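Data block below; observations after.
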Amino acid sequence: MKLYANLSRKKIISILAILFILFQLILNRKSIDFKSFFVSPTPSPTCTGQACLTPTITLSTKQLIRVVRVIDGDTIEIEDGQKVRYIGINSPELHDPRRPVGCFAKQSYEENKKLVEGKTITMERDISETDKYKRLLRYVWIGDVLVNDYLVRQGFALTSTFPPDVKYETQFLEAETEARENNRGLWFSCPSKQK
């Protein structure tokens, strides 16, 4: 018991963080970006003020990377060759060989291209890493603009939620309602979408 009494809370948290990182290294057998781990003071939801701050270990969920190609209205390719599918939205189909090109698909593609192609974006992960096609699942930001939201709000895509990735679900549903009520994009141009 004297061992625990001599260790401060901060030292215990630091030791646990190191053990966690070592455990991840052993399990994954690959390198970990140690810059993505940091200790930050965060307030408890039931407590406010400086005295209530307690350190927590947080795994960074954001990454800066350049877009090399836009595939369609909700999918891009980044500089490392990986494809990225935007979380929480679905644009009309452009490249599905089983179906004709969807209404407003070309416009969705062009808008996405105008927003992100050749630019550095911030990708934000939710819960899932990839979809069944091995595409990364991410929210995409250009500066302070959430591209996923923008495409829905302007009528270039619809909301499409697949739990557990639901961080911005309410925001996207509100964006879709706004686009529909204002007859933006596919809500104006595609009769099957009008309700």
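Suppose we keep only residues that are in a loop (DSSP other than H, G, I, E, B) and among the polar types (S, T, N, Q) within the range 141-174. Which one would you say is nearest to PRO191 (Cα to Cα)? Going through the qualifying residues, I end up with GLN154.
Answer yes or no as to whether ARG180 is in the same structural domain as LEU94 (by TED's automatic domain parsing), more than 23 Å from GLU77 (Cα to Cα) and basic (Lys, Arg). Considered against the rule, which asks whether it is in the same structural domain as LEU94 (by TED's automatic domain parsing), more than 23 Å from GLU77 (Cα to Cα) and basic (Lys, Arg), ARG180 comes out as yes. For the range 160-170, the criterion of being touching a Cys at 6+ places or on another chain (Cβ under 7 Å), surrounded by 15 or more Cβ atoms within 10 Å (Cβ to Cβ) and either at pLDDT 95 or above or of a type outside the set (A, V, I, L, M, F, W, C) (or both) is met by no residue. Residues of the range 139-195 that are touching a residue at least 40 places away in the same chain (Cβ under 8 Å) and among the β-branched types (Val, Ile, Thr): VAL140, VAL147, VAL152, THR159, THR161, VAL166. Looking across the range 83-131, the residues that are within 15 Å of LEU146 (Cα to Cα) and either aromatic (Phe, Trp, Tyr) or free of Cβ contacts under 8 Å to residues at least 24 places away in the same chain (or both) come down to TYR86, LYS114. Taking the condition of a type in the set (Lys, Arg), assigned to a loop (DSSP other than H, G, I, E, B) and within 16 Å of GLY73 (Cα to Cα), does ARG138 pass? It is false that ARG138 is of a type in the set (Lys, Arg), assigned to a loop (DSSP other than H, G, I, E, B) and within 16 Å of GLY73 (Cα to Cα). Taking the listed residues GLY118, GLY185, the one that is touching a helix residue (DSSP H, G or I) at 6+ places or on another chain (Cβ under 7 Å), small (Gly, Ala, Ser) and either in the same structural domain as VAL68 (by TED's automatic domain parsing) or closer than 15 Å to VAL84 by Cα (or both) is GLY185, with no other qualifying.
The values are calculated or read from the model by the stated rules, or taken from the named source; none is laboratory data. In this text, all values refer to a predicted model and were calculated from it rather than measured experimentally. A quick note on method: Cβ atoms are made from the backbone with ideal geometry, for glycine too, and the neighbour counts reach across all protein chains shown.
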